[in-house]
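K.L.:
Dropping the structure in here first, questions after.
The values are calculated or read from the model by the stated rules, or taken from the named source; none is laboratory data. Bear in mind the structure is a predicted one, so any value in this text is a computation, not a measurement. All Cβ positions, even for glycine, are placed from backbone atoms using ideal geometry, and neighbour counts span all protein chains on display.
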Amino acid sequence: MNSISFMGANLVAQQLGWNMTEGWHQGERAADEWYRPIETFEERFDAFVASAVEAGFDTVDVWHPQLNYEWATDEHIAAAQRVLQRHGVTVASYGSNYGDTVEKFRRANEVASALGTRILGGVTPLLASDRASVIAILKEHGNVLGLENHPQKSSAELLEEIGTDHDGVLGATVDTGWFATQGYDAARAIRELGDSVFYVHLKDVRAAGAHDTCAYGDGVVPIEDCVRALREIGYTGGISVEHEPEHYDPFPEVVRSRDRLAELLAEPEPSVA
């Protein structure tokens, strides 16, 4: 069965008192400043992991402000490893914009490996400027990059960016909410991406044209059909429960979504005549 993971970016508004008034980057900056000091890092990273465990998860996705490759020292990494071990939690993916230089992308790969994951789920401008280095660094570390769709309006656009010259280290991190925001059927996208799906951010949004996230079933994303599509393409990897409201604590709705996803995954597959 697919593992179910808690997305660290669900906490984007936490350091702002669950009231993010200036957009995503405001929350990102606040989180980065919160986690960065080594004097308090272990305590604060522990609070993040413990909150996911309390919500019923044993797997998390580490969002880059929670252990930013641009400031993470060996001491930060050792503390993060202690926290994960203490709680018996594994890391499914390391989510980020991985920078625009070879040095930054290599360090992001080092952090991901130290966290015990080989999945980088995000984006990097370096793919457009130095594709060969991206592929070489991924191979060097035994990692894969699942490009996350945000501006792409279809699976075809995402497949074009992935290309075919990568020896299996480039694929897709499907963000179902962003496909819906762009007005594209997320389940259709999953079927069209097929074995290029490396990871999944299962997210619902209230309406196309905006990115107001919500609990599964409260929005326009066909969650049930997305799970069917993942089965159809033979996807056995992790599924991250992602919900990042700007003005309230997402935990109750994340738990409800997780429970619904677990129900869907537990349903028997339909028999084939």
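K.L.:
Does D100 satisfy the condition of being closer than 18 Å to G146 by Cα, touching a helix residue (DSSP H, G or I) at 6+ places or on another chain (Cβ under 7 Å), among the acidic types (D, E) and surrounded by 19 or more Cβ atoms within 10 Å (Cβ to Cβ)? Outline the logic, then answer.
P.N.:
On the way: closer than 18 Å to G146 by Cα: yes; touching a helix residue (DSSP H, G or I) at 6+ places or on another chain (Cβ under 7 Å): yes; among the acidic types (D, E): yes; surrounded by 19 or more Cβ atoms within 10 Å (Cβ to Cβ): no.
Criteria not met by D100.
K.L.:
Exactly one of (1) assigned to a strand (DSSP E or B); (2) among the hydroxyl-bearing types (S, T, Y); (3) farther than 19 Å from S240 by Cα is unmet by T164. Its number?
P.N.:
It is condition (1) that T164 fails.
K.L.:
Please determine, by comparing only the residues of region 19-59 that are farther than 15 Å from H76 by Cβ and of a type in the set (S, T, Y), which one is surrounded by the most Cβ atoms within 10 Å (Cβ to Cβ).
P.N.:
Looking at residues that are farther than 15 Å from H76 by Cβ and of a type in the set (S, T, Y), I get T59.
K.L.:
OK, next. Restricting attention to region 146-159, and to residues there that are hydrophobic (A, V, I, L, M, F, W, C) and surrounded by 19 or more Cβ atoms within 10 Å (Cβ to Cβ), which single residue is nearest to S240 (Cα to Cα)? First the steps, then the outcome.
P.N.:
Of region 146-159, the ones hydrophobic (A, V, I, L, M, F, W, C) are 147, 156, 158-159.
Next, from what is left, pick out any that are surrounded by 19 or more Cβ atoms within 10 Å (Cβ to Cβ): 147, 158-159.
Working: L147: 15, L158: 19, L159: 21 Å.
Ranking the candidates gives L147 first.
K.L.:
A further question on this structure: Give all pairs with beta carbons closer than 6 Å in which a residue from region 239-258 that is under 24 Å from A172 (Cα atoms) meets a residue that is of a type in the set (A, V, I, L, M, F, W, C) and in a loop (DSSP other than H, G, I, E, B); count only pairs at least 6 apart in sequence or on separate chains.
P.N.:
Going by the 6 Å Cβ cut-off, the qualifying pairs are E244/V12; S257/A215.
K.L.:
Condition first: aromatic (F, W, Y) and closer than 15 Å to L11 by Cα. Now tell me which residues in region 62-77 satisfy that. Lay out the reasoning, then the answer.
P.N.:
The first filter runs over region 62-77 and keeps only residues aromatic (F, W, Y), leaving 63, 69, 71.
Result: W63, single match.
K.L.:
Working only within region 1-38, note down all residues that are under 20 Å from V254 (Cβ atoms), part of a loop (DSSP other than H, G, I, E, B) and more than 19 Å from the chain's Cα centre (by Cα).
P.N.:
Of everything in region 1-38, those that are under 20 Å from V254 (Cβ atoms), part of a loop (DSSP other than H, G, I, E, B) and more than 19 Å from the chain's Cα centre (by Cα) turn out to be G17, W18, N19, M20.
K.L.:
In addition: Residue check, L261 against (1) under 21 Å from T117 (Cβ atoms); (2) without any contact (Cβ under 8 Å) to a residue 60 or more places away in the chain, all met but one. Which one?
P.N.:
Result: L261 fails condition (2) only.
Quick grid of which residues meet (1) modelled with pLDDT of 95 or more; (2) under 19 Å from the mean Cα position of the chain (by Cα); (3) surrounded by 23 or more Cβ atoms within 10 Å (Cβ to Cβ); (4) on the phi > 0 side of the Ramachandran plot:
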site: R118; (1), (2), (3), (4): yes, yes, no, no
site: S133; (1), (2), (3), (4): yes, no, no, no
site: E140; (1), (2), (3), (4): yes, no, no, no
site: E161; (1), (2), (3), (4): yes, yes, no, no
site: G168; (1), (2), (3), (4): yes, no, no, yes
site: V174; (1), (2), (3), (4): yes, yes, yes, no
site: G183; (1), (2), (3), (4): yes, no, no, yes
site: I190; (1), (2), (3), (4): yes, yes, yes, no
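K.L.:
Quick one: how many residues across region 214-259 are of a type in the set (K, R), more than 17 Å from E192 (Cα to Cα) and either over 19 Å from the mean Cα position of the chain (by Cα) or surrounded by fewer than 16 Cβ atoms within 10 Å (Cβ to Cβ) (or both)?
P.N.:
Quick first cut of region 214-259, residues of a type in the set (K, R) only: 228, 231, 256, 258.
Pick out the ones that are also more than 17 Å from E192 (Cα to Cα) and you get 256, 258.
Retained after the next criterion (residues that are either over 19 Å from the mean Cα position of the chain (by Cα) or surrounded by fewer than 16 Cβ atoms within 10 Å (Cβ to Cβ) (or both)): none.
Looking only at that region, the number is 0.
K.L.:
While we're on this one: If I filter region 200-213 down to residues being touching a helix residue (DSSP H, G or I) at 6+ places or on another chain (Cβ under 8 Å) and not hydrophobic (A, V, I, L, M, F, W, C), which single residue comes out as surrounded by the fewest Cβ atoms within 10 Å (Cβ to Cβ)? Outline the logic, then answer.
P.N.:
Kept after step one, since they are touching a helix residue (DSSP H, G or I) at 6+ places or on another chain (Cβ under 8 Å), are these residues of region 200-213: 200-205, 208-211, 213.
Within this subset, residues satisfying the condition of being not hydrophobic (A, V, I, L, M, F, W, C) are 201, 203-204, 209, 211, 213.
Numbers: H201: 25, K203: 30, D204: 26, G209: 10, H211: 19, T213: 22.
Selected residue: G209.
K.L.:
With respect to A108, is the statement that it is closer than 30 Å to R82 by Cβ, in contact (Cβ under 8 Å) with a residue 40 or more places away in the chain, part of a helix (DSSP H, G or I) and hydrophobic (A, V, I, L, M, F, W, C) true? Talk me through it step by step, then tell me what you get.
P.N.:
Details: closer than 30 Å to R82 by Cβ: yes; in contact (Cβ under 8 Å) with a residue 40 or more places away in the chain: yes; part of a helix (DSSP H, G or I): yes; hydrophobic (A, V, I, L, M, F, W, C): yes.
Yes.
K.L.:
How many residues, within region 39-65, are in contact (Cβ under 8 Å) with a residue 12 or more places away in the chain and either farther than 17 Å from L115 by Cα or within 18 Å of the chain's Cα centre (by Cα) (or both)? I'd like the intermediate steps shown before the answer.
P.N.:
First, pick out the residues of region 39-65 that are in contact (Cβ under 8 Å) with a residue 12 or more places away in the chain: 41-42, 45-46, 48-53, 55-65.
So of that shortlist, the ones also either farther than 17 Å from L115 by Cα or within 18 Å of the chain's Cα centre (by Cα) (or both) come out as 45, 48-49, 51-53, 55-65.
Number of matching residues: 17.
K.L.:
I've got another one for you. Please go through region 192-208 and give me each residue that is in a loop (DSSP other than H, G, I, E, B) and closer than 20 Å to A156 by Cβ, ordered by number. Step through it out loud before you land on a result.
P.N.:
Here is the first cut: in region 192-208, the residues in a loop (DSSP other than H, G, I, E, B) are 203, 206-208.
Within region 192-208, just A208 meets the criteria.
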